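**Student:** The structure's right below; bear with me while I get my questions together.
Coordinate-derived values only; no laboratory data. Please read all numbers here as calculations on a predicted model, not as lab measurements. Note: ideal-geometry Cβ built from the backbone for every residue, glycine included; neighbour counts use all protein chains shown.
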Ligand code: NAP
């Protein structure tokens, strides 16, 4: 079923921000590969929703933290959609338990960095090499890559340091690929969501409700997956093509400092 449409691979697209991005890209005319790890029913709902609106979608199960799965995710996408015009590195996890830095376990450190940092680094390496060849062969015209990191790339949390470290590393990964791929004609962008209403923050929702009402987010509301999707849609349209390496915060002005 190879498609005439531009194609996007969105990791972790069965729920939350990834789902919003997948649905938004489908509205921009992309055929979308929806990666998920365990929630097939949720991923099917996203894929069916896109098809019901006349779009094209593909389900690709796989753990981005696993080397063999990563290769398979890319290969299945290419086999079924023909190529990847836009890679969105979105899949990410929080630590299973929030622990003080003095108690963080090596297991949690490896799990979180393996999924949030190493996976983005190596899936991008695989896709970028293919994009360079596809561009030479005229198979893709305007390849682009997006990294979803977080305000936690610079805002610390002493009881989930492995998450913050993974996002700081992912931020440098995005910058490194932006530098290397500029000469190849592949723009790379980093998007840093702030507090965004998804399953990931369900357990700490009350705390963040309070912080938001106290003004920690200057625009005084939660972010929604659609807020992030709007930026990815603009990237997918090519609106930011001369801004490679740009870091775009989608966080309601969280970074603004006031004395
Ligand atoms: P979420 O609601 O928990 O959804 C996570 C998604 O990632 C699901 O589709 C899940 O698939 C998938 N996933 C998890 N582990 C995976 C793996 N090993 N391989 C492949 N897919 C995997 O999370 P979210 O809040 O949308 O977060 C998305 C991204 O935004 C993450 O990188 C997160 O760090 C970042 N972010 C979130 C916030 C926030 O406040 N929510 C803020 C800043 C940054 P299944 O459905 O199969 O489990």
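**Student:** Please say if the stretch 99-139 is rounded, prolate or oblate, where rounded means a/c under 1.5 for a ≥ b ≥ c the square roots of the C-alpha gyration tensor eigenvalues, and otherwise the choice is prolate for a/b larger than b/c and oblate otherwise? It would help to have the intermediate numbers written out before the result.
**Tutor:** On the way: a/c = 7.62, a/b = 6.03, b/c = 1.26.
Cα axes put the stretch 99-139 in the prolate bin.
**Student:** To continue, here is another question. Order of 212, 148 from fewest to most other C-beta atoms within 10 Å?
**Tutor:** Starting with the residue having the fewest Cβ neighbours, the order is 212, 148.
**Student:** Shifting gears a bit: Hey, how many Å between the Cα centroid of the stretch 148-181 and the Cα centroid of the stretch 91-107?
**Tutor:** Using only Cα atoms, the two centres lie 15 Å from each other.
**Student:** For q values of 0.09, 0.10, 0.15 Å⁻¹, compute log₁₀ I(q)/I(0) with the Debye formula on a Cα-only model of the chain, without solvent.
**Tutor:** Ignoring solvent entirely, the Cα scatterers give -0.37, -0.46, -1.06.
**Student:** Given points 7 Å out from each Cα along the Cα-Cβ axis, report the residue 216 to residue 230 separation in nanometres with one decimal.
**Tutor:** 2.3
**Student:** When ranked by the protection proxy of mean other Cβ atoms within 10 Å per residue, highest first, what sequence do the peptides 164-172, 97-105 form?
**Tutor:** Result, highest mean first: 164-172, 97-105.
**Student:** Where does the chain land at 222 nm, in deg cm²/dmol rounded to the nearest 500, when only DSSP H runs of n ≥ 4 count, each adding -39500 (n - 2.57), divided by all residues? Don't skip to the end; give the middle numbers.
**Tutor:** Details: 8 runs with 111 residues, N = 259.
The helix contribution divided over the chain gives -14000 deg cm²/dmol.
**Student:** Just to be sure I understand the model, the point goes 7 Å from the Cα along the line to the Cβ. What's the resulting residue 135 to residue 101 distance in nm?
**Tutor:** For residue 135 paired with residue 101, the spin-label model returns 3.8 nm.
**Student:** What distance in nm separates the simple spin-label points at residue 258 and residue 243, each placed 7 Å from Cα in the Cβ direction?
**Tutor:** Once both label points are built, they end up 2.4 nm from each other.
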